[in-house]
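Novice: Take this structure, written in structure tokens, and hold onto it; I'll ask about it next.
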Amino acid sequence: MAGSSSSKWSRTPVQSLPIHPRILSALRKGGILHVSSVLEESCSGLGRRTGLSEAEVKGLVSEVARAVLAGSPSPSTALSLYLTGQSQHCWGRLSVGCGLLDSSLRGGLLVSGLTEIAGISAAGKTQLCLQLCLTAQLPRTHGGLSSGAVYICTQDVFPTKRLRQLTQYFSQRHTHSHPSLTAQHLSDNIFVEHVATISSLTAQLEYKLPALLSTGRVGVVIIDSIAALFRAEYGAGQAAQRAAVLQTCGARLHHLSASYGVAVVCVNQVTAVMEERGGGVAPALGLAWASLVTSRITLSRDETVHSNLDCCKVPTAVKRELEVVFAPHLPPVSVDYYVTSAGIHGNQNMANCCPAT
Amino acid sequence: MLGVRQLDKQQERKPAVSINFSGSDQAVGQKMQRPISSLPLSSSWLAKLASCGFETVEDLRNIGVVELSRELGVSNSEALVEIVKVAKRSCELLSAQPAPSSPLSHPHQSHPSGGSCPGVSALELLQQEGVEGSIVTFSAGIDEMLGGGVALGKVTEFCGAPGLGKTQICIQLAVDVSIPEPLGGVGGEAVYIDTEGSFVVERVAEIATAAVHHLNTVDHDHTCDDQVRQAARDVSLEKVLASIHLFRCHDYLELLATVNILSEFITSHPQVRLVVIDSIAAHFRHGFSDMSKRNRLLGIISQSLIQLATSHRLAVVLTNQTTTRVVRGQKNSARVVPALGESWGHASTVRVVLSRYDNERQATLVKSPTHKTTTAPFVITADGIRDSHVTTGDTSHTPIPASQCLPVPEEEDFEEDDEIFSAAEGIMADMSHPAMWQGREGEGGGGGKGDSDTRANVDFVSVSNLHEASFDARRESKGRKRPHPSDHEL
């Protein structure tokens, strides 16, 4: 894959490293031409192929290993990471835009790794994602990432009208604390892309996204939804192929998240679970995909609508539930939320007015 | 929660400690009179020890690093730790030696790394293993299952579906490895190799805070001796966090390179007693069209890890993902197995499978050279891994039917994974696999997906075996996307 270091090193000739010419010529004779092939061979295997002594092989391997790791930072202790986080009040979280929900999620979604938002249709997945596009633009001290968002649509047309509505509420709410976040500015930092096939998604992930991410203008990448493409293109008999492509995509997303420090959020659909005792729904795409997910959040909606149209003019809000199924930093919790014209909120009454910041 | 006394007790349960070959305490007492000067230490240290009044090994027997530092008035912790270790080892070996005139090679002439040096007798290895100790998990059930915790000198693998607590166990172990020796720990540092971005330092701090709080309470226990209490006082969050070294690997080549430089890193950090790779599977489940290459690279990694484990006396802990294996042409053959194929199964000495049964987390020991297959329930709390309160006590007497111990996947729609390709190498799913891996009744779904012959037979498979895709088709044909209760009544 372009950009990942394994592919880079599989093209880099071993000659480019500062290694003794005698050892280089032995490597050439042994047919070991690229940096990666040194590490992909066991020490004894290298000795056999090149005729070098054990000590020479050891020196060579550690030299190559250091070169490969030169780009990544040296090991840090948990203490230094902890102190950095504490001093900067920045733990690598992306706020979901509501204090109540954020406190249940301990600050929001995890920026590292891959976050999945799964749920039945009309549970509020897209609403949550749209809100993330806006919160990402908040400064880091306010739970954002002070950068924009990429929104990759695969199943529907991007809900521009709804985004416009949300940006207006959002900029109004933050007009005092962050006057620079105008509705115009907010929408300018959301990059929308429509993708209809897996091959075009792969192309996006391989070429277009890295170019965009390297500008540093993007803090969150949202794919809405990952399930739509994979469920459409692969049938019942192609589970193995589907798993392989999913894993490549997932690995690519992990790589993007790690190398550009962006949060990756994937929307997933659900599938019916058949059990003797009834059953319910579970996120789609199976175990292969689940293994790639770092944090899994499911959304559901309560079908009994809380209608109070008669007594006051508060619009009806369906009670919905956000559940953390697994996440490295969170216990399994669930919290109620409501979707209103202003966005997603944890408190029904707060949903319509501007929350205190 | 596990009391430190219990931790101590677990330490004592080690086989070699309880083995008394000579059966004569008097003989042991005599051997403890062995002079300090005969220990394999540098002469300057020997002189220092002698000048402070240490004469025999007995004097050093129950001393900790902290106390020794006070006695000698030096702060070179590495040297002190070495002294304590040498003294402790010699005590253990002496107390277990059959006779002073033993024809065995003298233990102190043997290489300190024990396992890797040639010409070591099995008896010595057994004694060594007793001294090596293990890292507790803070769940008495899991510790008991593993024989006192995650053993040093071995490769232990935790497998499980997502969300079962693999990462949490790794973080707990990385914290627990720093429990000082007087409190029943190994007093070491940890190398944590994160391949999935799931190392969240806040969570580490949370688990560490709970552990530190727990250890500090020992200080108020006046029944403990001063040395233990001093060690308990010395534990702090900063020390625990400073002892965890994090490496982040973004692809398999970086992982290979990191494993290669580990030995160097550990030589410069001799206190490292734990290497965690969370997870080994992440970079090896994509991008490999050539399965034999993948297996070879995994082999290289596992060889390096086993070598590290034995030569540096440290525990290696790996996590592995799970996959669904379907055997071609066999109906109801789908079962959840650890990922990375059959050949990887040989890489770890101890293999623990995490599963969920009736909303309870369970750890099942499926491979161990020393312990029988048992299942231990556990819970994950804000403080970390703990015993399940419901079934505290002896879990081995309440065995759970093996057929129920399988790791339950998060979803029903099983699918074949890369493992199906292992068939191309002539490695078919092993039917003699422990009953652990039997599919649950009604869940053995799949019915040979990916095989055109069996696909035609899909109508004959029970409802629960139907694939997700067929639901999709039905749902869409009915013009609604959400699953409906009637979907369940076919």
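The values are calculated or read from the model by the stated rules, or taken from the named source; none is laboratory data. Just so it is clear, the model here is predicted, and its values are computed rather than measured. Here the Cβ positions follow ideal geometry from the backbone for every residue, glycine too, while neighbour counts run over all protein chains shown. Accessible surface areas use protein heavy atoms only, side chains included; no ligands, DNA or RNA. Shrake-Rupley method; radii C 1.70, N 1.55, O 1.52, S 1.80 Å.
Novice: Can you work out the Karplus-derived ³J(HN,Hα) for every residue in region A:65-75? Use 6.51 cos²θ - 1.76 cosθ + 1.60 with θ = phi - 60°, whole Hz, and x for glycine or proline.
Specialist: 4, 5, 5, 5, 8, 4, x, 8, x, 5, x
Novice: On each of the three principal axes of the Cα atoms of region B:270-311, give max minus min coordinate, whole Å, ordered largest first.
Specialist: Largest to smallest, the principal-axis extents are 39, 18, 9 Å.
Novice: Would you kindly find the accessible area of A:C43, with a 1.4 Å probe and non-protein molecules such as ligands, DNA and RNA excluded, rounding to the nearest 10 Å²?
Specialist: About 60 Å², rounded to the nearest 10.
Novice: For chain A, what is the mean residue ellipticity at 222 nm derived from helices alone (per DSSP H run of n ≥ 4: -39500 (n - 2.57); sum divided by total residues; nearest 500 deg cm²/dmol)? The partial results should precede the final answer.
Specialist: On the way: 15 runs with 139 residues, N = 357.
Computed ellipticity for chain A at 222 nm equals -11000 deg cm²/dmol.
Novice: So which of B:K48/B:K88; B:K166/B:K372; B:K48/B:K239; B:K85/B:K239; A:K319/B:K166 end up more than 23 Å apart by C-alpha?
Specialist: Going by Cα-Cα distance, B:K48/B:K239; A:K319/B:K166 fall outside the 23 Å limit.
Novice: Ignoring trypsin sites (Lys or Arg not before Pro) that are buried or in helix or strand per DSSP, and keeping those with at most 12 other beta carbon atoms within 10 Å, what is the longest stretch of chain A between them?
Specialist: Values: sites that count: A:R277, A:K313.
Counting at most 12 other Cβ atoms within 10 Å as exposed, the longest clean stretch of chain A is A:1-276.
Novice: Any idea of A:H194's accessible area? Nearest 10 Å², probe 1.4 Å.
Specialist: About 100 Å², ignoring ligands and nucleic acids.
Novice: I would also like to ask the following. For region A:2-69, what is Rg from Cα atoms divided by 2.2 N^0.38 Å, rounded to two decimals? Could you put the intermediate results ahead of the total?
Specialist: Details: Rg = 11.1 Å, N = 68, 2.2 N^0.38 = 10.9 Å.
It is 1.01.
Novice: Then there is this: Quick one: helix A:239-260 against the long Cα principal axis of chain A, what's the angle to the nearest 10°, folded into 0 to 90?
Specialist: 90
Novice: Cα axis of helix A:78-88 to longest principal axis of chain A: angle in degrees, 0 to 90, nearest 10?
Specialist: On a 0 to 90 degree scale, this one is about 40.
Novice: Would you mind checking region A:33-68 for residues with the amide N under 11 Å from a putative spin-label position 7 Å along Cα→C-beta of A:R22?
Specialist: Answer for this model: A:53, A:56.
Novice: Next question, about the same structure. Where does the charge balance sit around B:G53 when Lys and Arg score +1, Asp and Glu -1, over other residues with C-beta under 9 Å from its C-beta?
Specialist: Values: positive: none; negative: B:E55, B:D59, B:E71.
Charge balance in the 9 Å sphere: -3.
Novice: Hey, got a sec? Which GluC sites (Glu not before Pro) in region B:132-173 land in a DSSP loop and have at most 15 other Cβ atoms within 10 Å?
Specialist: none
Novice: State log₁₀ I(q)/I(0) for chain A at q = 0.09, 0.10, 0.14 Å⁻¹ as given by the Debye formula over alpha-carbon point scatterers of equal weight, solvent excluded.
Specialist: Log10 of I(q)/I(0), two decimals: -0.60, -0.71, -1.17.
Novice: Which angle between 0 and 90 degrees, to the nearest 10, do you get for helix A:160-173 versus the longest principal axis of chain A when only C-alpha atoms count?
Specialist: 80
Novice: Could you compute the net charge surrounding A:T294? Neighbours are other residues with a C-beta less than 9 Å from the C-beta of A:T294; K and R count +1, D and E count -1. Please list the in-between numbers first.
Specialist: On the way: positive: A:R296; negative: A:E116, B:E196.
Surrounding charge for A:T294 is -1.
Novice: Still on this structure, please answer the following. Cβ under 10 Å from B:D194's Cβ, B:D194 left aside: what net charge do those residues give with Lys, Arg +1 and Asp, Glu -1?
Specialist: Overall, the nearby charge balance is -1.
Novice: Right, here's the next one. Which value, in Å², gives the accessible area per residue of region A:83-349 when a 1.4 Å probe is used on the protein heavy atoms?
Specialist: 38
Novice: Given R₀ = 25 Å, what would the calculated FRET efficiency be for B:C52 paired with B:D226, taking r from the Cβ atoms and rounding to 0.05?
Specialist: The pair B:C52/B:D226 has a calculated efficiency of 0.90.
Novice: Compute the distribution of all C-alpha to C-alpha distances in region A:226-271, in bins of 5 Å from 0, and list the percent of pairs in each, rounded to whole numbers.
Specialist: Spelled out per bin, shortest first, that is 5, 20, 25, 24, 14, 9, 3, 0.
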